[in-house]
1. Looking only at region 125-165, filter to residues that are over 13 Å from Ala47 (Cβ atoms) and of a type in the set (Phe, Trp, Tyr); which one of those is modelled with the lowest pLDDT?
2. List the number of the failed condition for Leu78; all other conditions in (1) more than 29 Å from Arg18 (Cβ to Cβ); (2) crowded, with 17+ Cβ neighbours inside 10 Å; (3) in contact (Cβ under 8 Å) with a residue 12 or more places away in the chain hold.
3. Residue check: is Leu102 in a helix (DSSP H, G or I), of a type outside the set (Phe, Trp, Tyr) and within 23 Å of Phe33 (Cβ to Cβ)?
4. If I go through region 105-122 residue by residue, how many of them are over 19 Å from Ala163 (Cβ atoms), among the charged types (D, E, K, R) and either touching a Gly at 6+ places or on another chain (Cβ under 6 Å) or in a loop (DSSP other than H, G, I, E, B) (or both)?
5. Pick out the one residue from Thr25, Thr53 that is within 11 Å of the chain's Cα centre (by Cα) and touching a residue at least 40 places away in the same chain (Cβ under 8 Å).
6. Can Ala169 be described as closer than 28 Å to Leu20 by Cβ, of a type in the set (Gly, Ala, Ser) and over 13 Å from the mean Cα position of the chain (by Cα)?
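The values are calculated or read from the model by the stated rules, or taken from the named source; none is laboratory data. Keep in mind that what you see is a predicted model, and the values were worked out from it rather than measured. Reconstructed Cβ throughout: ideal geometry from the backbone, glycine too, with neighbour counts over all protein chains shown.
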Amino acid sequence: MMQKESDVIHGSSHGLGRRLFWAGTLIAASVAFSLGFACAVPLAGFAAFAALTTGRNEALLLVLAVFLANQCVGFGLLHYPQTTETFVWGAVLGVVALAATLGAIWTRDHLHIGRFATIGAAFLVAFVVYEGLLFAATAISGHGFEAYAMPVVARIFGINAAAFVGLLALHRLAAAVGVVDLTAVSRGSALT
């Protein structure tokens with residue numbers, strides 16, 4: 001009997017509960033990051049992590065869910081101003097996070113440079129796409145570039161890198177206790 005692609009990528013349907021639990025765990029982690037870092041939530045780190053641990057569509061959905069959770073925390077708990085400009089920048093962040101995910105997926109699928117190098121490259125591509133597109137949006141909007149001073153970018157990089165490494169460690173722990181099935185990760189994964 002031939003396996004369906006969805007079974008190869010995600011395991012059989014009995015794994016749906018585990019995948020939903022895992023997605024909920026990651027969304028809860030994003031809420032914690034949102035409360036701790038507000039505007040510096042590590043979306044590039046989440047983008048790279050999702051690209052390395054799930055298939056393309058699931059990675060995009062996961063990053064979208066993480067982004068939406070961040071926006072709910074921002075507007076609901078942190079009282080972001082409810083202005084047109086804030087909503088537009090929120091939408092820009094969402095699009096940029098999805099673009100960073102696609103960049104990391106491309107890296108995962110096209111660079112064959114060894115497991116650890118691919119993991120690092122996927123993160124770096126996600127971060128560069130994320131920050132590069134935000135820089136371009138800032139230039140188009142006519143806002144200042146203070147947020148792109150080297151100390152600020154270094155801080156954002158550090159937050160994203162720490163989150164990325166933490167998510168990778170959490171993923172390994174979840175696999176060790178059976179919450180995540182490493183054999184159910186997409187064929188292009190650098191983590192199996």
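1. Result: Phe145.
2. Every condition holds for Leu78 apart from (2).
3. Working: in a helix (DSSP H, G or I): yes; of a type outside the set (Phe, Trp, Tyr): yes; within 23 Å of Phe33 (Cβ to Cβ): yes.
Yes.
4. Total meeting the criteria: 1.
5. Values: Thr25 fails: within 11 Å of the chain's Cα centre (by Cα).
So the residue among Thr25, Thr53 that is within 11 Å of the chain's Cα centre (by Cα) and touching a residue at least 40 places away in the same chain (Cβ under 8 Å) is Thr53.
6. Working: closer than 28 Å to Leu20 by Cβ: yes; of a type in the set (Gly, Ala, Ser): yes; over 13 Å from the mean Cα position of the chain (by Cα): yes.
Considered against the rule, which asks whether it is closer than 28 Å to Leu20 by Cβ, of a type in the set (Gly, Ala, Ser) and over 13 Å from the mean Cα position of the chain (by Cα), Ala169 comes out as yes.
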